[in-house]
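Reading through the structure tokens given below for one structure.
Bear in mind these aren't lab numbers, they're just calculated from the coordinates by the rules spelled out. Treat the numbers as computed from the prediction; the structure is a model and nothing was measured. Virtual Cβ from ideal backbone geometry, glycine too; neighbours counted across all protein chains shown.
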Amino acid sequence: MRKGDKINVPRSNEQRLKLSQAMMGNKNQEDKRSGETKALISKAMQGNQNTLGKVYGEETRTKDRIAKTGETNPAWQGGISFLPYTPEWSMKIKQVILERDDNTCQLCGRKPPVIKLHIHHIDYKKGNCETDNLICLCHSCHSKTNHHRGQWGFINGQLQRIQSNA
């Protein structure tokens, strides 16, 4: 189970009623907020603000965007994303992998239509389209594996994060 996943605990009708009654009068419930408080929260959430409430102008946002493009971006991989896929890479091979993996993310187990599945190259090489090098991952899991490339590997036939000794 991942952080943030909901835990479905079977509860009796009696337990549900007790929980419902316990939540009544909870000051954190949005419907208990006054109209003035709701207006203040709405105003605070508008615009492009950082955590200190400062609104940045278009010029500053443009400078920040340009400063983090290409080689200056911390996630830069040397331009490999621009390399073309091989002719073997096609919708047919994607469909074969989706069917083989039962249309399920092989890391978290989620299925469509809740999420969209991607086909991930285990060795991160676009040219290697062998079926044993391809795996289905949801967008979230695919982002994790691409961001921390050196920390992922196959352990007992499953894609897992490799624990470091550091």
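Note on Asp123, Asp101: ascending count of other Cβ atoms within 10 Å places them as Asp123, Asp101, the fewest first. Taking the Cα atoms of region 51-151, the ratio Rg/Rh between the radius of gyration and the Kirkwood radius comes to 1.10.
Say a paramagnetic label sat at a point 7 Å from the Cα of Trp76, along Cα to Cβ; which residues of region 119-142 have their backbone N under 16 Å from it? The answer is none, because no backbone nitrogen lies closer than 16 Å to the label point.
The length gained on full extension between Ala44 and Thr62, counted as 0.36 nm times the residue separation minus their Cα-Cα distance, comes to 4.2 nm. Cβ crowding within 10 Å, taken as a proxy for footprinting-reagent exposure, orders Ser42, Ser90 from fewest neighbours to most as Ser42, Ser90. With 19 Å as the limit on Cα-Cα distance, the pairs of Lys92/Lys116; Lys111/Lys144; Lys68/Lys125; Lys92/Lys144; Lys18/Lys38; Lys68/Lys126 that go past it are Lys68/Lys125; Lys92/Lys144; Lys18/Lys38; Lys68/Lys126. Amide hydrogen proximity for Ile135: with H placed 1.01 Å from N in the peptide plane, the residues at 5 or more positions away or on another chain lying under 5 Å are His120, Ile122. What FRET efficiency comes out for the pair Thr69/Val96, r = Cβ-Cβ distance, R0 = 41 Å, nearest 0.05? E(calc), rounded to 0.05, equals 0.70.
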